[in-house]
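Presented below is the structure to which this report refers.
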Amino acid sequence: MDIIDRLKTMEEVFWENPNLKAFKDVELPINIEDVKEAEKRLERFSSFIKSAFPEVKTGIIESETIEISKAKKKLEELEGKPIKGRLLIKRDDSLPIAGSIKARGGIYEVLKHAEELALREGILKETDDYSIINSDKFRKFFSQHKVQVGSTGNLGLSIGIMSAKLGFNVIVHMSNDAKQWKKDLLREKGARVVEYESDYSVAVEQGRAESDKDPMSYFVDDENSKSLFLGYAVAGLRIVKQLDKLNIGDSPIYAYLPCGVGGGPGGVAFGLKLSYGDRVNCYFAEPTHSPAFLLGMATGKNDKISVKDIGLDNITEADGLAVGRPSSFVGQMMKETLSGCYTIEDERLFKYMKALYESEGIFIEPSAAAGFLGAFLTSEKLENDEVIHLVWSTGGSLVPEEVRKEMLNR
């Protein structure tokens, strides 16, 4: 049975990319200089972040990377098999402001747009102290402009919270799988939420169409945005110091990234490849009901095929991963860069989420737990245990207490 037939049956599959090349031989439309420029822009905005969000004391939106040996033991007991090597988690579930990995790409793109508008207007110079942006003068200026986005949840939160703080009129177009608490929080922060009975693709399509009608509106296009991608890629440069502190030596690194449309995991994977080259192997994790990226990669059709074309319903509890069609741009970026993809059942997401909480006291969203299966899948193929498994946790800290309890008690 080929991989597509197995996807149709919604069984968990592990697919290794036959087009993977040595990273130095891959020709890509963006490079390390683009990522460094994005990093400099985030540094310029650090004084604004510090002023507008006092909880971010350094003004740099970053998360820690830690080893989770208790969770490793618990997960091994759960599965009845070993994870060879060390298990680390990147805590993007605790990123300030937006509480998810989207605080990287989403917030970066909004800041970039704000900077471009203010520079063009002549009210800002790159040499200024950007804390001046946290003022009525700038809010009044940005209030003449709109920012719009289509989202299943976390991207909408990052765009909505930052755009509203700057003073933009912000509209978030949300699909039917977006969680109610995310819609409520956005409204509370000052965003307008438009709800759709359809899935993610329709929310994006409608949002884009609405934005295109208005010359003062800017659309954050999760399906095609280079800016989002670069915001995520900065993480791959920054993590080097954290991993050095954890004494990983020159061990091979296996990184597992939950994947929806592909922007977040694609950007991070690209940043990791820039830092570690072929020493790092990146895998995308998707729900069995929504394997959009794997389907696009395995068929070579990229965004020209949807999970619904092979009879899947695109319904999953992992709201951020409920995507039927991958990003065209990220598909091209990952074609020869990504080591592989795998799918995971919803039920297993909840088991892993609970195991992490019970062993380490860390709460993450179900979608953020998708990475753990990858450590078992690659361990089966490893000959020694001198490896680092890096699970990228993507969201969770903003989940309300009552919703947490409900998820943990499933």
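The values are calculated or read from the model by the stated rules, or taken from the named source; none is laboratory data. Please read all numbers here as calculations on a predicted model, not as lab measurements. Neighbour counts run over all protein chains shown; Cβ positions are idealised from the backbone, glycine included. To get the accessible areas, we keep the full protein, side chains included, count just its heavy atoms, and leave off ligands, DNA and RNA. Shrake-Rupley method; radii C 1.70, N 1.55, O 1.52, S 1.80 Å.
Checking each residue in the stretch 373-395 for being among the β-branched types (Val, Ile, Thr) and open to solvent by 10 Å² or more (accessible area, probe 1.4 Å) picks out only Thr394.
Among the residues of the stretch 204-247, those that are aliphatic (A, V, I, L, M), closer than 30 Å to Ser379 by Cβ and surrounded by fewer than 18 Cβ atoms within 10 Å (Cβ to Cβ) comprise Leu237, Val240, Leu246. The lone criterion from (1) modelled with pLDDT of 95 or more; (2) under 19 Å from the mean Cα position of the chain (by Cα); (3) not in a loop (DSSP other than H, G, I, E, B) left unmet by Ala298 is number (2). Kindly indicate whether Lys308 is open to solvent by 10 Å² or more (accessible area, probe 1.4 Å) and free of Cβ contacts under 8 Å to residues at least 12 places away in the same chain. So Lys308 does not fit the description; no.
Is it the case that the stretch 129-152 has a residue that's within 30 Å of Leu75 (Cα to Cα), modelled with pLDDT of 95 or more and not aliphatic (A, V, I, L, M)? No, the stretch 129-152 contains no residue that is within 30 Å of Leu75 (Cα to Cα), modelled with pLDDT of 95 or more and not aliphatic (A, V, I, L, M).
When the stretch 263-289 is limited to residues that are over 16 Å from the mean Cα position of the chain (by Cα) and either at positive phi or in a helix (DSSP H, G or I) (or both), the one that is surrounded by the fewest Cβ atoms within 10 Å (Cβ to Cβ) turns out to be Gly277. Looking at His145, His113, just one residue is in contact (Cβ under 8 Å) with a residue 12 or more places away in the chain, open to solvent by 10 Å² or more (accessible area, probe 1.4 Å) and either in contact with a strand residue (DSSP E or B) (Cβ under 6 Å, 6 or more places away or on another chain) or hydrophobic (A, V, I, L, M, F, W, C) (or both), and that residue is His113.
Any residue in the stretch 280-300 that is free of Cβ contacts under 8 Å to residues at least 12 places away in the same chain and out of contact with any helix residue (DSSP H, G or I) (no Cβ under 9 Å at 6 or more places or on another chain)? Checked the stretch 280-300: at least one residue is free of Cβ contacts under 8 Å to residues at least 12 places away in the same chain and out of contact with any helix residue (DSSP H, G or I) (no Cβ under 9 Å at 6 or more places or on another chain). Grab the helices (runs of 4 or more DSSP H) fully contained in the stretch 147-231, keeping just those with 2 or more residues being over 18 Å from Ala52 (Cβ atoms) and among the small types (Gly, Ala, Ser). The qualifying helices (runs of 4 or more DSSP H) are 200-212. Residue check: is Lys112 modelled with pLDDT of 95 or more, within 30 Å of Glu345 (Cα to Cα), assigned to a helix (DSSP H, G or I) and of a type outside the set (S, T, N, Q)? Criteria not met by Lys112. Against the test of being of a type in the set (S, T, N, Q) and farther than 29 Å from Leu124 by Cβ, the options Asn134, Asn176, Asn154 yield a single qualifying residue, Asn176. Restricting Leu349, Leu398 to residues that are open to solvent by 10 Å² or more (accessible area, probe 1.4 Å), of a type in the set (A, V, I, L, M) and touching a strand residue (DSSP E or B) at 6+ places or on another chain (Cβ under 8 Å) narrows the list to Leu398.
Look at the stretch 397-410: where a residue is under 16 Å from Gly361 (Cα atoms) and touching a residue at least 60 places away in the same chain (Cβ under 8 Å) and a partner is of a type outside the set (Asp, Glu) and in a loop (DSSP other than H, G, I, E, B), sitting 6+ places away or on another chain with Cβ atoms under 8 Å, you get Ser397/Leu95; Ser397/Gly99; Ser397/Phe363; Leu398/Ala98; Leu398/Gly99; Val399/Gly99; Val399/Phe363.
Take Phe219 and decide whether it is modelled with pLDDT of 95 or more and within 16 Å of the chain's Cα centre (by Cα). Judged against the criteria, Phe219 is not a match.
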